[in-house]
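Below is one structure; the comments refer to it alone.
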Amino acid sequence: MKTEATFVISAASARDLPRDGLAEIAMVGRSNVGKSSLINALVRQRVARTSAAPGKTRLANVYRVTRGAITPFYLLDLPGYGYARAPRRSRGPQRGTRVGVESRGPQGGSRGGVEIPGVLSPAEARRSSQAEFEAIVSEVFKRSPAALLLVDARHPGLASDRAAWTWVHGAGGNAAVVATKIDKLGRGERIRALRELESVFETSVLPVSAVTGEGLDELWILINRLKKSG
Ligand code: GDP
């Protein structure tokens with residue numbers, strides 16, 4: 001089936017997001033979970049950049065996707081979370097940058113601001129990248145898009161993934177969990193991993209591989225379903 005994806009914008013805030021009312025599917029996951037590879041495999045094009053610089057993307061990349069006769073939709077490629085490297089020491093524009101953050105995640109809480117100093121300890125850097133992540137993600141999730149949470153099949157039940165599921169799932173749109181890099185697991189391991197994932201997330205989990213193409217047809221079916229009832 002003919003699939004086409006075109007890059008629309010790197011959105012820094014909700015103001016940059018499309019306003020034409022097409023369905024939106026947000027993709028969320030830890031840095032390095034294989035999100036870019038999966039997007040490229042899905043659309044059979046290299047639109048998303050794979051990890052040359054993990055954790056660097058702080059913007060939501062928006063792609064307009066068409067496939068066969070289905071109504072076009074937007075794929076919102078959100079920044080990966082869980083990235084922990086300290087930024088370069090610098091007195092540049094980072095110093096004192098204020099970013100808006102929902103203190104209680106996308107669902108609610110008061111809008112505040114977090115001070116990001118120019119020189120950060122690794123722990124502070126973790127917190128600030130978390131704050132930046134939360135800022136754009138909370139803006140996107142206010143729109144209640146359908147969402148796919150990507151988790152690495154080899155690491156079921158990580159605290160950060162469980163936390164992400166809590167707000168992805170609670171944000172009002174339809175949501176599903178996808179297990180990436182399933183090709184890296186042997187038969188027994190994958191059965192164990194999927195069972196564990198489904199017990200942690202209390203929902204069915206779709207195994208996929210960007211390398212072998214396993215699960216991609218099913219992922220399109222899932223996307224269509226999320227999109228329709230979203
Ligand atoms: P992102 O940071 O979530 O966008 O992750 P990337 O797509 O950049 O992938 C991170 C690393 O995992 C890269 O080295 C990819 O080649 C590798 N990778 C991604 N998807 C798969 C997969 O399905 N199978 C295997 N074996 N490796 C993968």
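Values for this structure:
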| item | result |
| --- | --- |
| Built amide H within the under 5 Å cut-off of H155, gap 5+ | none |
| The range 166-218 - percent of accessible surface contributed by carbon and sulfur, probe 1.4 Å | 45 |
| Scattering profile of the range 140-189 at q = 0.14, 0.22, 0.25 Å⁻¹ [log10 I(q)/I(0), Debye over alpha-carbon scatterers] | -0.40, -0.78, -0.90 |
| Interchain or long-range residues, amide H under 5 Å from A26's placed H | L76, A146, A147, L148 |
| Phi-based couplings in Hz for the range 176-184 (Karplus 6.51, -1.76, 1.60; Gly and Pro marked x) | 9, 10, 10, 9, 8, 6, 4, 4, 7 |
| Sequence-distant lysines (8 or more away, or on other chains) whose Cα lies within less than 22 Å of K227 | K2, K35, K142 |
| Chain lengthening between R187 and L158 when straightened (0.36 nm per residue, less Cα-Cα) | 8.3 nm |
| Calculated from backbone phi, Karplus (6.51, -1.76, 1.60) coupling profile of the range 145-154 in Hz, x at Gly/Pro | x, 5, 9, 10, 9, 9, 10, 6, 4, 7 |
| Under Karplus coefficients 6.51, -1.76 and 1.60, residue-wise ³J(HN,Hα) of the range 63-70 in Hz, glycine/proline x | 10, 9, 10, 10, 8, x, 8, 6 |
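The values are calculated or read from the model by the stated rules, or taken from the named source; none is laboratory data. Here the structure is a predicted model, which is why all the values come from computation and not from measurement. The protein model used for the area step is the full one, side chains on, heavy atoms only, and it has no ligands, DNA or RNA in it. Shrake-Rupley method; radii C 1.70, N 1.55, O 1.52, S 1.80 Å.
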